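Structure, as structure tokens:
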Ligand SMILES: Cc1cc2nc3c(=O)[nH]c(=O)nc-3n(C[C@H](O)[C@H](O)[C@H](O)COP(=O)(O)OP(=O)(O)OC[C@H]3O[C@@H](n4cnc5c(N)ncnc54)[C@H](O)[C@@H]3O)c2cc1C
């Protein structure tokens, strides 16, 4: 995803992993295609359960969404507990709510337990409300999570203003389970501990074909090498291509763009997000923002689907930044980058198992740091035990979205329409 116009601020830690080259014809228990958070978390936990694991990535570890994202670690799904219980029934719904509640813990516990060199602040996430309707939704969400003992609370307008330092919010919802990390450091450190647990990781190995011969998977790589495995997990998310027929047509990939200011002067840093929380706006085309460990304000939101060609492609985010923080109008934007997220029509991640021993996970919905970390552990448990109760989401058939090729056009039109509605509500 790196282009002349993609320059993230995130850093790899000093102690880099040692990645191995691949030996032709090698045989492992589990081959994982894709070395982002999903692939690496699955690999780490599978190795700890005793499986021999090989991760293959088409590029460098962290080059996908996992190394480019906003680093907001937010528990939960798009849907609140009552909706999940209603749609999945009491048993699976309850398990899903508990899983959703645990996803941020999965990240921060790994950082703590494995002593990962990952800059982080765990002081919560604010869902800031800019309309009465958004405030009502926040109140409803607060009631549901509060009833489950989660460390959450509603903020009035003054509290939201004090915590964000931003203009224009009627209030908000603070979820203290959440936090912020450096996502590239996290992905790199996941690779390091996975390697230490026995996982073999090979970069620049694009898988071009998967074939099953008498219960053994042959994984064919672009450079002609071949690997054999008892099971394969496809963890390619928004980069999913044609390896499994129809899979790419089950997701709508969208671009998320980000900007980072220069490190803020201390007088501004003291008033903007003084407690270090992450924020997501309630607008239809939301922006999300946080401070980085080196004191920049990092703000992200949807971007155009064509590859960016100039800094002007990030101008809408610069306008959003100044709308929220007029005092930042003179502070330079030093970095601009973007990445790809995978959306599904029902806004839930999908687990597929089109053939025995072949699993695919797609649909991070732009909130995959915690989700994919926690899901990786469950996928590893399922692979080792065969017990489907390990999986928080049911395994579903691959259902390509009708008229998929036209979906992008529809998404672009919807985004333009939502931007207009957001502007009218200002
Ligand atoms: C700009 C941006 C901001 C975001 N902000 C947040 C946020 O603040 N909080 C949050 O929770 N989530 C956020 N997300 C979403 C989050 O980053 C993703 O949900 C998560 O990283 C997905 O991880 P993954 O491992 O599934 O996929 P990826 O990290 O995309 O990894 C997929 C990997 O598969 C590899 N691959 C693809 N095809 C092949 C092949 N044929 N052979 C071998 N390898 C292959 C790719 O090279 C890539 O490394 C954001 C995403 C973006 C892009």
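The values are calculated or read from the model by the stated rules, or taken from the named source; none is laboratory data. The model shown is predicted, which means the values in this text are computed figures rather than measured ones. Quick reminder, even Gly has a Cβ in these numbers, built from the backbone with ideal geometry, and neighbours come from all protein chains shown.
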Residue in the stretch 35-49 that is within 6 Å of the ligand (Cβ to nearest atom), in a loop (DSSP other than H, G, I, E, B) and on the phi < 0 side of the Ramachandran plot present: yes
Which listed residue is more than 16 Å from the ligand (Cβ to nearest atom) and either outside the structural domain of residue 253 (by TED's automatic domain parsing) or free of Cβ contacts under 8 Å to residues at least 40 places away in the same chain (or both), from 327, 396: 396
Breaking point among (1) closer than 21 Å to residue 226 by Cα; (2) surrounded by fewer than 18 Cβ atoms within 10 Å (Cβ to Cβ); (3) within 15 Å of the ligand (Cβ to nearest atom), for residue 23: (3)
Counted residues, the stretch 181-224 - those being under 30 Å from residue 119 (Cα atoms) and within 13 Å of the ligand (Cβ to nearest atom): 15
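Identify, please: which residue in the stretch 359-369 is within 8 Å of the chain's Cα centre (by Cα) and farther than 18 Å from residue 194 by Cβ and is, among those, surrounded by the fewest Cβ atoms within 10 Å (Cβ to Cβ)?
Of the residues in the stretch 359-369, the ones within 8 Å of the chain's Cα centre (by Cα) are 364-369.
In the following step, the residues that additionally are farther than 18 Å from residue 194 by Cβ were identified as 364-367.
Values: 364: 26, 365: 18, 366: 25, 367: 23.
Restricting to residues being within 8 Å of the chain's Cα centre (by Cα) and farther than 18 Å from residue 194 by Cβ, the top hit is 365.
Which of the residues belonging to the stretch 73-87 are crowded, with 17+ Cβ neighbours inside 10 Å, at negative phi and in contact (Cβ under 8 Å) with a residue 60 or more places away in the chain?
73, 74, 75, 77, 79, 80, 81
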Number of positions in the stretch 236-279 that are part of a loop (DSSP other than H, G, I, E, B) and at negative phi: 19
Selected residue (only one of 167, 205 is assigned to a loop (DSSP other than H, G, I, E, B) and buried (at least 18 other Cβ atoms within 10 Å of the Cβ)): 205
The one condition in (1) crowded, with 23+ Cβ neighbours inside 10 Å; (2) not in a loop (DSSP other than H, G, I, E, B) that residue 378 fails to fulfil: (1)
Unmet criterion (only one of (1) under 18 Å from residue 221 (Cβ atoms); (2) modelled with pLDDT under 95; (3) touching a helix residue (DSSP H, G or I) at 6+ places or on another chain (Cβ under 8 Å)) for residue 43: (2)
From the options 238, 278, residue that is at pLDDT 95 or above and either within 14 Å of the ligand (Cβ to nearest atom) or surrounded by fewer than 18 Cβ atoms within 10 Å (Cβ to Cβ) (or both): 278
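For the stretch 332-339, state whether one or more residues are outside the structural domain of residue 135 (by TED's automatic domain parsing), within 14 Å of the ligand (Cβ to nearest atom) and closer than 30 Å to residue 383 by Cβ.
Looking only at the stretch 332-339, we keep the residues that are outside the structural domain of residue 135 (by TED's automatic domain parsing), and these are 332-339.
Still in the running and within 14 Å of the ligand (Cβ to nearest atom): 335-339.
Now narrow it down to the ones that are closer than 30 Å to residue 383 by Cβ: 339.
Scanning the stretch 332-339 turns up at least one residue that is outside the structural domain of residue 135 (by TED's automatic domain parsing), within 14 Å of the ligand (Cβ to nearest atom) and closer than 30 Å to residue 383 by Cβ.
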The stretch 383-393, residues that are assigned to a helix (DSSP H, G or I), under 22 Å from residue 194 (Cβ atoms) and either within 14 Å of the ligand (Cβ to nearest atom) or touching a strand residue (DSSP E or B) at 6+ places or on another chain (Cβ under 8 Å) (or both): 383
